[in-house]
Each structure stands twice: as structure tokens, then as C-alpha cells.
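The values are calculated or read from the model by the stated rules, or taken from the named source; none is laboratory data. Keep in mind that this is a model prediction, so the values were computed, not measured. For neighbour counting, all protein chains shown are included, and Cβ atoms are generated from backbone atoms with ideal geometry for every residue, glycine included. Note: accessible area is taken over every heavy atom of the protein model, side chains too, but ligands, DNA and RNA are not part of it. Shrake-Rupley method; radii C 1.70, N 1.55, O 1.52, S 1.80 Å.
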Amino acid sequence: MLANVLTGAVDGVDPLMVRVEVHLASGLPSFTVVGLAQSAVREGRERVTAALRNADFTLPHRRITVNLAPAGVRKEGAAFDLPIAVGLLVAGGVVEPSVGEGFAFLGELSLDGSLRPVSGVLPIASRCREAGVDTLFVPLENAREAAVVRGLSVLGAASLAEVVSHLTGVHELTPTEVDVSALLSPAGSCGLDLMDVRGQGAAKRALEVAAAGAHNLLLVGPPGAGKTMIARRLPGILPSLTLDEALETTRVHSVAGHLRGGGALVTERPFRAPHHTVSEAGLAGGSTPLRPGEMSLAHHGVLFLDELAEFRRNALEALRQPLEEGAIRLSRVRGSFRLPARFVLVAAMNPCPCGFFGDGSDRCVCDPTHVGRYRGRVSGPLMDRIDIHVHMPPVPFRSLGGTGQSESSLTVRDRVVRARAVQSSRFRGLDGVHANAHMGPREIRRWCRQSREVARLLQHAVERTGLSARAYHRVLKVARTLADLGGTQDITVEHAAEAVQYRQPRIEPE
């Protein structure tokens, strides 16, 4: 007897359909799983056997062969348990063979027959819909996540017995429905408000510019200047996720296994702040099976690197490609993988090892050699990819003890949203370009035209400071964002001057 059941898997973050072929043959009882099945898949034989028996189903006393096709792709994880169990029941005559038409199954089995949640459900559900699958069976905790995919009937089950009851017509499961528009409705304040930040007007202005154009930002200042405090308030002034952005972000978090507990969709922009001891694989992605790193988990959100100079050099250098392309390509023995990584980088660092260089006091104990060596831990090419550099001096007491209040995050966010709306209209129809920071040379030539006065100012800046071609283009992008914030069509001398100022070092070793 031969049975065919559909399921899905992820290869990196890319989904693929898998056909579970179950064959019962004469001979001594055995249970073999083939098709490049890795350890967790092969161990599923014991889980499936125990689950069937504890759910009062009889395992056929035959020679059982399970093939996972395509056989040339590695299969990893425990999500194959449910389709293998259903395939055995179909082959044994308990369930009609017609379940192989239009149905797909996904889930890990406990020994008692209950279903446990698995990762990667959203991308697999999307692939099932594309493949013409009508109904997808998933663990109850994964049902809302899969139901985000329109045009696919999602049935969440708590156990193998519930799945079989539905397939045999004893008790039908109710399809899970999710109101995506309600999930993406504007959320309230998260409690981190720019109003709480005293002083640091220049840094708050730079934060607004970074949010308005999706520009990368570097904050340099002594301990206690408020670098981390300001960085953590960036998500509060960013526009809400669009549906497409939410789906892309959720796909990554689903594969990483971060949507457990019945979550349906990532509705807020991610804010990832890895410790400076993070490895290159932890930042870029890796391990076996391949899992997204912090850069991918920050997709469409913010990646905050505090104490930038303390990170490992090879981990920092892995940032170069995603800062340029919005994705990272990993080459491994078993293939190449592309992981999405379109994020806003916010980095913070001290100006020297002790942290007090250039703060106007005599507390710094570092000589110029130590200062230069410390800053040299961050390579020039990486610094060149950061659009906005801001020095944050110590906050004076009059600002700490004052009673005045600065603008709230909601006020700043309104300006950011208006500027992003201008950019969305400008770049409509351009693939991969959604904000000024994403512009390539062609878009820069079209949308960053300069008057004679602006060109003269930029020429002087390039000749005096030695800006690279990449830095020059980033100055133009920032100037375009400043013009959008100001509501003007043309880039003025004031916009260009402020953009150039964000590339100038504020403090230098003596």
C-alpha cells in the first residue's frame, strides 16, 4: 500500500513543498525514513509510533518505508511527525486516500498524541497556497500565524486524534480566521518617549532625520550622555509596519521560532540589541539548521549596537553587505542562502577607552595613541556606510534640573510619517527602494539635483575633508531627507550644510 501526504519545510528562510511517501511492504516489521532526513526527523519514528499507540491507533506490522521528496534536499526539524503519522493511517486504511488531494499537514507529535508548535509555519503556509493546497492542518498554537495567509483554510488541532476525527468526518475542526487589518491598527505609546530625554537637541534632531530617511546613525559620547536612552526611542518615532513589511518580518521571526504562544503577526518594528560578545554567526546567521541572526531579526526595524568598538572585528565586518544591499548572503557547504536584513543601524560608542575624551574636563587618562587605536577597532569602510555621525557632549546640570519639556515622540513621529509618505509616493513602483537611504546612483541623480550653490558647498566639503564617493552619495541622501522634512522640493544650501555636518568629526585627538 502506498500513501502520499503533502507537507512543507524551510531551507534557510525559503519554503519548499515536501511530499511524504509511505509504503507498506511484506517482511519483518521495520520503520525506515529516507530522503536526507536529519536526526530530529529520524527520531520522529519513535514519537510517531508512541503517538499512534497512545491515540488508540494500530501501527501496521509491516515493513514501513517513508520517503521525503525531493530526496536531494536536507530535511530538518520535528514538523514532519504529523504528516508521517497521517501517511501511515492512510496506508493502513484508517483514513481515505483522498486526504492527499488539497490537504497539507505540519506539526510535532508528543508521545501522548498531542501536537506541539513548530517554527517556520508562515512561509510554509504561503508556499502551500501557491502550490494550490486548500487546507493546512497545524498545531493549535500555530493556527493564527498560518491564518494570516489569505486564500488558505487553516485548521488548528490540539492532537492527532482531532486531525483524524476531522478526516474521517466524526468531528469537523473550525477554520481559524485572523483580522490582519485589526492587528496592524496603530498601537499606543510603548512608554519610551523622547520627552524624557533632557538636552541633547542635536542628537534628537539626528534621530528624527535617521527615522525619516531610514539612515544609519552613530552616536559618540562619554558615559551617561544618553546614547542608549536616545537609541531606544527610535522605534517610537518610526512609521507603523505596512502589511507587506509585517509579513516579511514575521516570516523571519517564524523561521527563528520567535512566534510561539499563538502570535499571528509581528506588528511592531523589531528592536534588536545584541551584546557586544555576539559572534559573527549570531549577528549574521548560521548554525545547523540555518537560523537567522540578529541582522535578519531586525529586518524592517532597528539594530542597536551599543559599545560598537567592543564588538569582534569579524562580526562588525559582516555588516557591510546588508548595509548596502538590505540582505546578507551566506555560503555554506550545502548551498548559498539569502537572508533579508533591511534595518536601520544605530551604533553607540565612547570616544576613547576611558570614555571621557573631549568632554571638556580633565578626566580623560588616554593618550592620543590609545585613542587612535580604540577608534581603529571600527574599520573605515564600516564607518563610511553610516550616514549620520553625532557627537553627544555631557548633559549640563541646567538641562537635567530644568522644568521645560522637549517634543514628544508622537509629535516627532508625525513629521517622520509625513516625510516617509513623500518618499513612498516618490519611489512608487521601484523594487527595493522605500526610503531615501535605499536610493541607488540612478535615483540619486534623479531626485538629488543640486543648484550651483549646493554643488559649490559640496565640492568644498569633499576637497576639505576627503569624503569618499560613497560618503558623498550618503550626504546627498541625508540632504534629500532634510528637504522632505522641511517640505521643500529642492535641496537647499541649508540642507546640504546640515548633511555635511553629520559627516564631520566633532572631536579629534590632540
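Taking the longest Cα principal axis of the chain as reference, the axis of helix 243-255 is set at about 60 degrees.
An oblate overall shape is assigned to the range 213-361, the ratio a/c of its alpha-carbon gyration tensor axes (a ≥ b ≥ c) being 1.5 or greater and a/b not exceeding b/c. Residues of the range 312-350 with the amide nitrogen closer than 14 Å to a label point 7 Å from the Cα of Tyr472, along Cα-to-Cβ, please. Backbone N within reach: none found. Solvent-accessible surface of the range 79-123, taken per residue with a 1.4 Å probe and all protein chains present: 28 Å².
Counting only Cβ charges, +1 for Lys and Arg and -1 for Asp and Glu, the dipole size of the range 5-104 around its Cα centre is about 340 debye.
Counting only Cβ charges, +1 for Lys and Arg and -1 for Asp and Glu, the dipole size of the range 282-416 around its Cα centre is about 620 debye. Computed over protein heavy atoms with a 1.4 Å probe, the carbon and sulfur contribution to the accessible area of the chain reaches 49%.
By the scheme Lys and Arg +1, Asp and Glu -1, what is the net charge of all other residues having a beta-carbon under 12 Å from that of Ala309? Around Ala309, the charge tally is +2.
For the chain, the dipole from Cβ point charges (+1 on Lys and Arg, -1 on Asp and Glu) about the Cα centre works out to 1400 debye, to the nearest 20.
Rounded to the nearest 0.05, what FRET efficiency do Ser379 and Val462 have when you use their Cβ-Cβ distance and R0 = 25 Å?
0.75
Val493 to Val180: extension gain in nm, 0.36 nm per residue of separation minus the Cα-Cα distance?
108.2 nm
Straightening the chain between Glu130 and Glu310 buys 60.3 nm, computed as 0.36 nm per residue apart minus the Cα-Cα spacing.
How many percent of all Cα-Cα pairs in the range 315-407 sit more than 19 Å apart?
Summing the P(r) of the range 315-407 above 19 Å gives 61 percent of all pairs.
Taking a ≥ b ≥ c as the square roots of the eigenvalues of the Cα gyration tensor of the range 33-141, is the shape rounded (a/c under 1.5), prolate (a/b larger than b/c) or oblate? Rounded, because the longest to shortest axis ratio a/c is under 1.5.
Would you work out which of His166, Gly355, Cys448 lies farthest towards the positive end of the dipole of the chain, given +1 charges on the beta-carbon of Lys and Arg and -1 on that of Asp and Glu, about the Cα centre? So the residue we want is Cys448. Dividing the mean sequence gap of close Cα pairs (under 8 Å, 6+ apart) by how many residues the chain holds gives a relative contact order of 13 percent. The gain in end-to-end length when the Glu172 to Ala421 segment is fully stretched comes to 85.0 nm, 0.36 nm per residue minus the alpha carbon separation. If you find the alpha carbon centre of the range 117-195 and of the range 1-80, how far apart are they in angstrom? That distance is 23 Å.
Placing a pseudo-label 7 Å from each Cα along the Cα-to-Cβ vector at Met1 and Met229 gives an inter-label distance of 7.0 nm.
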